[in-house]
1. Which ones in the range 9-35 are outside any strand (DSSP E or B) and not aliphatic (A, V, I, L, M)?
2. Name, by its number, the condition in (1) of a type in the set (A, V, I, L, M); (2) modelled with pLDDT under 95; (3) outside any loop (DSSP other than H, G, I, E, B) that does not hold for residue 51.
3. Where the second residue is part of a loop (DSSP other than H, G, I, E, B) and surrounded by 11 or more Cβ atoms within 10 Å (Cβ to Cβ) and the first is of a type in the set (Lys, Arg) and lies in the range 4-31, which pairs have Cβ atoms under 8 Å and are six or more apart or on separate chains?
4. Quick one: how many residues across the range 1-34 are more than 18 Å from the chain's Cα centre (by Cα), modelled with pLDDT of 95 or more and of a type in the set (Lys, Arg)?
Amino acid sequence: MIKVTGEMPIGRASRFGTAGTTKAFDPRLGTEIEPSFGVATLDDVDDACTLALQALQALQALQAFRHSTRRRRSAGVSFAWNSPF
């Protein structure tokens, strides 16, 4: 089970937002639920968006490589024996 800490996963790290705190609410009991969650700053959001864009670009490059590899194979182009592909 994942332990809820109130931190945000951004990239390979977790951080507690410093733009205030908020808590979840249990409507059944009418009470707030621990722990407090740190609210993201604009820098947190910028970091998350930058990393998301980098991940998208890496995925697009991988897809383009796979597409070009399939086209070469269907055209009968062989790869060198020492190629990792």
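The values are calculated or read from the model by the stated rules, or taken from the named source; none is laboratory data. Keep in mind that this is a model prediction, so the values were computed, not measured. No Cβ is skipped: glycine too gets one built from the backbone with ideal geometry, and neighbour counts run over all protein chains shown.
1. The initial filter retains those residues of the range 9-35 that are outside any strand (DSSP E or B), namely 11-12, 16-20, 27-30.
Residues satisfying the conditions are 11, 12, 16, 17, 18, 20, 27, 28, 30.
2. (2) is the only condition that residue 51 fails.
3. Correct list of pairs: 15/7.
4. 2
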